[in-house]
Protein chains: 2
Amino acid sequence: MATINDIAERLGITKGTVSKGLNNAEDVSEEMRKKILETAVELGYVNKRRLKREKKLCVLVENIEYQTPNQFGHDIVLGFKQMAEPDGWTVDVIPIDMEFQRGIPYGVFIMEHGYQAAFLLGLTLLDPWMQELRTSRIPTVLYDNYIKENPNVASVGCDSQEGFELAVKHLTRLGHQKIGLISGPLESYILKARYNAYLAAMDKFGLEINDNYIGLGYYVNDSTKKYIPRLLKEGVTAILFSHDVRAISAITECDDRGIRIPEDLSIIGFDDLPMTAHTMPPLTTVRQDRTALGKCGFYALSSLLNHVAIGSILLRAQLIIRDSTGPVRPEGALEAGVPNRWPHPRTPESSS
Amino acid sequence: MATINDIAERLGITKGTVSKGLNNAEDVSEEMRKKILETAVELGYVNKRRLKREKKLCVLVENIEYQTPNQFGHDIVLGFKQMAEPDGWTVDVIPIDMEFQRGIPYGVFIMEHGYQAAFLLGLTLLDPWMQELRTSRIPTVLYDNYIKENPNVASVGCDSQEGFELAVKHLTRLGHQKIGLISGPLESYILKARYNAYLAAMDKFGLEINDNYIGLGYYVNDSTKKYIPRLLKEGVTAILFSHDVRAISAITECDDRGIRIPEDLSIIGFDDLPMTAHTMPPLTTVRQDRTALGKCGFYALSSLLNHVAIGSILLRAQLIIRDSTGPVRPEGALEAGVPNRWPHPRTPESSS
C-alpha cells in the first residue's frame, strides 16, 4: 500500500504539499493537485482516514434512464441504495457520458470525490474508462460487462443462459422447433452472452442451429423490419429477442404486416420492462429482477472492499409467461397467406 | 408463508401440539414430532421468533477434509466463519455422509436444529439430499455444484474458465500447442465445468481440440498411468489436470518413467493445495483462494436470506507459476528416448 511519502518522493515535493493536494487545500496549484491525484491513483494510495470518515460510494450511469420508476435503471439504483444506506454509506448517483470520461481519468474522479468504490451501469466496451478499468485498483462493479484478470473489478448481471434455456424449454413444450434470434450486434459483452446463451439453449434441447434463423442488426426497427420476414420465410415459428425493446418493435412490425402473435409467430423478450405487461399482446419475457440486481451490485462491492476477489455474480433469471407465446402454427399456415385477423385494434381502450 | 395454523389443519391436530412438536416438547411422541417437522418443511413454515433469537447457520461437509490447516476445506470453513461470526451468527460445522442423508430429509434436519440457512461443501450429484434441494425452500449455498431453477439455492466456486484460460495462455507463451487434459469423469458438475473450460481455452487460442489429447478416468493413479504415455505418444507437450491431486500423481508417474518435468512435459494443476509448493518440481497451478471462497459462501447466503436470488458467484482464478512448466520440448526429443536425467532424487533433503 503506497503512502504519502511515496507520492512525495515520486514527485520530488514535500509530504505537506502532497497532503494539501489530496485535501484540496487552496495554496496548491490546480496543476500540482492534479499531478498529486494522478500519482496517488497510479501508486494505489488510499486515504484511509478520509474514507473511514466519509463512507461514500457512487453509482455512475450511462445510456440508462433511471429517474422515474418506469425507467429501466430506477430499481437497480434503488436496490443498491436499499442495501448501502442502512449500512452507513452515502450514495451519489451521477450520470456520465463519453465526453465526461475523456475529461478526467476514472481513478482521479473517484479519488477527488472521496469515493471508496463505484457501481457502473451502462458502460460499453467503447467507453474511455473501460481501458483504465483493466488495471484500476479502485473496487468497481460493472453491470452487464466484464473485465478480465483484474481482481478489483467484478461483474453483476442476470443469467442469460438460464433465461434463454427457460425460454426455449417453454417454446419446445408448445411444439416449436425452428426458433430464431434477433439481437443487436455482437460487439457488446452482454449481447455476446445472450447470443451464446441462445446457441447453448438450442443445443441443449437438440434443436437445429442455423445461421439463417439469426438476425443481428444495430438499429432496432430496421433490423426487425428486415429479419422478421426473412426468418418467417425460413419456417421459423418463434423468435427470441436480445432485449424487450426489440420484441416490442416486433409486435408493431407484425401488426403492420398482418402476422398474428402468437398464432403465426411466438415471441419472447428479455428484461421484463414495466411496459411489457401492457403491450398487445402482453409480452412473454425473461425477467431481470432489477432491485435484486442493484442489491447484488452492493454485495459485489462489499466483497471487493473486503478483498474478496469476486469475478462475477449472476442473478437467477425468471420466465414471465404472458400472451405472446402460443402453440406452434400448423405447417404451411403462414405461406397460405393469412389476412390480418388481429382481434382488436391496437388502441389502449380495447386492451381490457 | 405458512403458519402454525396451516400445519395444524393439514395434520388435523391442535395448534398447541404443533407448537410443542416444533419446540421439541417432551409430551409429543417422536413420530408426531417428525410428522410436524416434515409438514412444516413441506409448507415452507418458518419459525421467525426462534430464528431471530438464535441466528444459527451450518456448514455441512462431505468428502472434504477440513480439520487441520493443511487440509483443503480448512480455509473455506475459516473464511465463512470470519464473515459470519462478527455478524452475530453461530456457525456449526458438521461432517455428513450418504448414510446420514438417507436417515433424515434435509429440510427436517435444518429445521430441527433451528438453522436459518446452510453452506454445503463436497456434495455430488449422487447425494440423496441433492434431489430435495431442487425444490427446497431453505436458503442454501453449494460449493462447486449447481441446482437449476431454484431461487433458494446458490452456487459458489472458482472461475474454471478464467483459470484454464490463464493456464493455456501461459503455455502458449512457452511455445506449447498440443495441450492435453487429464481429468476425472464428467459426471460431476465441477469436472464438466473444467472440461468445458479446457475446450473454451483451447478454442480461444486457436489450438487443436483433439479427443486423443484428453484422458478421463475415475481412479487418480490408474488414469495417470494410462493416459500420460498415451498423450505423449500423440505429441502432447503440456497437460492440464482437473485437480492438483492428479497433477501430483503425474509427477510421481513421470519420475518413475524418466520423463522430465518440465523439459519433456509441462504440467499444470488446479486448486493450489498447500503441498504443491513443495513437490518436485513445485507445481504450476490455478489457485482457488479458499478463504475467499468461504467468504463468498457467506455473501451468497446473506443474499438468499435477504431474498436476492443469486444463482452463482464465481471467484477470480489466479495462475501460480512454479517450475512444472517450461518451454516446449524440441520436436522429436522425447521419441529419441530420453533417460532419466532428473537432477535430484525425490527426497525432501535435496529440495532446497
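The values are calculated or read from the model by the stated rules, or taken from the named source; none is laboratory data. Note that the structure is a prediction, hence the values are computed from the model and not measured. Note: ideal-geometry Cβ built from the backbone for every residue, glycine included; neighbour counts use all protein chains shown.
Being within 14 Å of another protein chain (Cβ to nearest Cβ) and either over 25 Å from A:Gln288 (Cα atoms) or more than 15 Å from the chain's Cα centre (by Cα) (or both) is true for just one of A:Gln131, A:Gln101, A:Gln116, A:Gln82. Which residue is that? Working first, answer last.
On the way: A:Gln131 fails: within 14 Å of another protein chain (Cβ to nearest Cβ); A:Gln101 fails: within 14 Å of another protein chain (Cβ to nearest Cβ); A:Gln116 fails: within 14 Å of another protein chain (Cβ to nearest Cβ).
Exactly one of A:Gln131, A:Gln101, A:Gln116, A:Gln82 is within 14 Å of another protein chain (Cβ to nearest Cβ) and either over 25 Å from A:Gln288 (Cα atoms) or more than 15 Å from the chain's Cα centre (by Cα) (or both), namely A:Gln82.
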Failed condition for A:Lys192, given (1) away from chain B (no Cβ under 14 Å); (2) closer than 25 Å to A:Ser312 by Cβ: (1)
Which one is nearest to A:Arg33 (Cα to Cα) among residues in the range A:1-18 that are in contact (Cβ under 8 Å) with a residue 40 or more places away in the chain and in contact with a helix residue (DSSP H, G or I) (Cβ under 8 Å, 6 or more places away or on another chain)? A:Ile4
Contact list please: Cβ distance under 6 Å, first residue in the range B:39-59 and among the acidic types (Asp, Glu), second residue buried (at least 16 other Cβ atoms within 10 Å of the Cβ) and assigned to a strand (DSSP E or B), pairs at least six apart or on different chains. none
Out of (1) more than 18 Å from B:Asn145 (Cβ to Cβ); (2) modelled with pLDDT of 90 or more; (3) of a type in the set (D, E, K, R), the one B:Arg49 does not meet is (2)
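Only residues that are β-branched (Val, Ile, Thr) and either surrounded by fewer than 21 Cβ atoms within 10 Å (Cβ to Cβ) or not assigned by TED's automatic domain parsing to the domain that holds A:Gly12 (or both): list them for the range A:40-75, please. Show your work before the answer.
Applying the first criterion (β-branched (Val, Ile, Thr)) to the range A:40-75 yields A:41, A:46, A:59, A:61, A:64, A:68.
Result: A:Val46, A:Val59, A:Val61, A:Ile64, A:Thr68.
State the number of residues belonging to the range A:270-293 that are assigned to a strand (DSSP E or B) and within 11 Å of chain B (Cβ to nearest Cβ). Working first, answer last.
Restricting attention to the range A:270-293, the residues satisfying the condition of being assigned to a strand (DSSP E or B) are A:270-271, A:284-287.
Imposing the further condition that a residue be within 11 Å of chain B (Cβ to nearest Cβ) reduces the set to A:287.
Number satisfying all stated conditions: 1.
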Can you run down the residue pairs with Cβ atoms below 9 Å, 6 or more apart or on separate chains, where the first is in the range B:146-157 and more than 9 Å from chain A (Cβ to nearest Cβ) and under 22 Å from A:His170 (Cβ atoms) and the partner is in a strand (DSSP E or B) and among the hydroxyl-bearing types (Ser, Thr, Tyr)? B:Tyr146/B:Ser155; B:Tyr146/B:Ser312; B:Ile147/B:Thr140; B:Ile147/B:Ser155; B:Asn152/B:Thr140; B:Val153/B:Thr140
Checked against (1) over 27 Å from A:Lys55 (Cβ atoms); (2) in a helix (DSSP H, G or I); (3) away from chain B (no Cβ under 12 Å), A:Gln161 satisfies every condition except (3)
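Could you list all residues from the range A:263-297 that are among the polar types (S, T, N, Q), within 30 Å of A:Lys81 (Cα to Cα) and touching a helix residue (DSSP H, G or I) at 6+ places or on another chain (Cβ under 7 Å)?
Initially, the range A:263-297 is screened for residues among the polar types (S, T, N, Q), giving A:266, A:276, A:279, A:284-285, A:288, A:291.
Restricting the remaining residues to those that are within 30 Å of A:Lys81 (Cα to Cα) gives A:276, A:284-285, A:288, A:291.
The answer is A:Thr276, A:Thr285, A:Thr291.
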Scanning the range A:300-322 for residues that are touching a helix residue (DSSP H, G or I) at 6+ places or on another chain (Cβ under 6 Å), buried (at least 24 other Cβ atoms within 10 Å of the Cβ), touching a residue at least 24 places away in the same chain (Cβ under 8 Å) and not small (Gly, Ala, Ser) gives A:Ile310, A:Ile313, A:Leu315
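Scan the range A:294-312 and tell me whether some residue there is within 14 Å of chain B (Cβ to nearest Cβ) and of a type in the set (Lys, Arg). It would help to see each step written out before you state the result.
Taking the range A:294-312 first, the residues within 14 Å of chain B (Cβ to nearest Cβ) are A:294-312.
With of a type in the set (Lys, Arg) added as a condition, the list becomes A:295.
Yes, there is a match, as at least one residue in the range A:294-312 is within 14 Å of chain B (Cβ to nearest Cβ) and of a type in the set (Lys, Arg).
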Among the numbered conditions (1) in a helix (DSSP H, G or I); (2) more than 20 Å from the chain's Cα centre (by Cα); (3) basic (Lys, Arg), tell me where B:Arg137 comes up short. (1)
Quick check: is even one residue across the range B:177-185 free of Cβ contacts under 8 Å to residues at least 24 places away in the same chain and surrounded by fewer than 16 Cβ atoms within 10 Å (Cβ to Cβ)? no
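Scan the range A:274-299 for residues that are hydrophobic (A, V, I, L, M, F, W, C) and either surrounded by fewer than 21 Cβ atoms within 10 Å (Cβ to Cβ) or closer than 21 Å to B:Pro151 by Cα (or both) and jot them down.
First, pick out the residues of the range A:274-299 that are hydrophobic (A, V, I, L, M, F, W, C): A:275, A:277, A:280, A:283, A:286, A:292-293, A:296, A:298.
Result: A:Met275, A:Ala277, A:Met280, A:Val286, A:Ala292, A:Leu293, A:Cys296, A:Phe298.
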Just a yes or no: is a residue in the range A:221-229 modelled with pLDDT under 95, in the same structural domain as A:Asp323 (by TED's automatic domain parsing), among the acidic types (Asp, Glu) and out of contact with any Cys (no Cβ under 8 Å at 6 or more places or on another chain)? yes
Exclusive hit being over 21 Å from the mean Cα position of the chain (by Cα) and either without any contact (Cβ under 8 Å) to a residue 60 or more places away in the chain or over 22 Å from A:Ser160 (Cα atoms) (or both), set A:Asp211, A:Asp244: A:Asp211
Over the range B:76-97, the set of residues within 14 Å of B:Leu123 (Cβ to Cβ) and surrounded by 15 or more Cβ atoms within 10 Å (Cβ to Cβ) is B:Ile76, B:Pro95, B:Ile96
